[in-house]
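To start, the structure under review is shown below, and the notes come after it.
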Amino acid sequence: MRKTLLALAAVAGLLFATAAPANAYEPVNIVHTERVQAGPYGLTVGFSTWPLKAMQSLDFTFIPDGGIEGKSGTLTMLNPEGGQNRKQPLVRHPRKRDVWGLDVRSMPRPGDWTFRFAVNGPAGSGTGELRALPVLEQPGPPMGLSWAISTLPLIGLVVLVVVAWRRTRGRLRGGELPAIG
């Protein structure tokens, strides 16, 4: 009995000892930065991947000089055609809580994007833009080809079910009952 309890305690200890590293999140690694002046506020825009590619997930960080305390702001992303995404508030990055940011986002299409910032704080309000942010073509094969290849197993499954159904239906209609047991 004592050996069993000791073994259970050892297993529980190993389980708890390895759970913390497994639950840890990967830090945001900034590999490229750009500077934007939004009125009286300098803003550093960080990217976790460079160069940017369409449909590739990455993290964005927005770091105002002097930190985010006492400041608020919005971000508007303008696509290459000049279309405007909805204005979104600048919020804390979920994995880097001392800065504003976007977690695991992707740019939907290639071209030169613009990020428009509006920042409010003790020195007043200001706007600024990061213009001509280059986004390259999506890596890998075209999206249509990827979807076509990924549906092949589904098509094979449907064909298999139809063939099995037709064979079984023919036997049952002819009066044959499958043997049970």
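The values are calculated or read from the model by the stated rules, or taken from the named source; none is laboratory data. Just so you know, these numbers come straight off a predicted model, no measurement behind them. Note: ideal-geometry Cβ built from the backbone for every residue, glycine included; neighbour counts use all protein chains shown. To get the accessible areas, we keep the full protein, side chains included, count just its heavy atoms, and leave off ligands, DNA and RNA. Shrake-Rupley method; radii C 1.70, N 1.55, O 1.52, S 1.80 Å.
In terms of solvent-accessible area of protein heavy atoms at a 1.4 angstrom probe, what is the ranking of Ile149, Ile68, highest value first? Show your work: numbers first, answer last.
Values: Ile149 100, Ile68 15 Å².
From most exposed to least exposed: Ile149, Ile68.
Among Pro51, Pro27, Pro94, the largest mean-square fluctuation in a Gaussian network model of the chain, built with springs joining Cα atoms closer than 10 Å, belongs to Pro27. Annotation: for a label point projected 7 angstrom from Cα along Cα→Cβ of Leu136, residues of region 49-70 with backbone N closer than 16 Å are 49-58. Placing unit charges on each Cβ (+1 for Lys and Arg, -1 for Asp and Glu) gives the chain a dipole about its Cα centre, and among Gly144, Ala132, His32 the Cα reaching farthest toward its positive end belongs to Gly144. The trypsin sites (Lys or Arg not before Pro) of region 52-113 meeting both criteria, a DSSP state outside H, G, I, E and B (loop) and at most 11 other C-beta atoms within 10 angstrom of the site's C-beta, are Arg86, Lys87. Comparing Asn85, Asn120, Asn29 in a Gaussian network model of the chain where C-alpha atoms under 10 Å apart are linked, the largest mean-square fluctuation is found at Asn85.
What angle do you read, to the nearest 10 degrees and between 0 and 90, between the alpha-carbon axis of helix 2-23 and the longest principal axis of the chain? Long axis of 2-23 versus the principal axis of the chain: about 50 degrees. Between Ala54, Ala148, Ala38, the GNM of the chain built on Cα springs shorter than 10 angstrom shows Ala148 fluctuating the most. Built from the Cα atoms of region 45-167, the convex hull projects on average onto 10.7 nm², one quarter of its surface area. Model label points for Thr44 and Arg105, set 7 angstrom from Cα along the Cα-to-Cβ axis, are 1.9 nm apart.
With a 1.4 Å probe and all protein chains left in place, how much accessible area per residue does the chain have, in Å²? Kindly include the intermediate steps, with their values, before the conclusion.
Details: 12180 Å² over 181 residues.
I get 67 Å² per residue for the chain.
Using the Cβ-Cβ distance between Leu152 and Glu81 with R0 set to 30 Å, the FRET efficiency from 1/(1 + (r/R0)^6) comes to roughly 0.30. Segment Glu34..Arg95, full-extension length gain: 19.9 nm, with 0.36 nm per residue of separation and the alpha-carbon distance subtracted.
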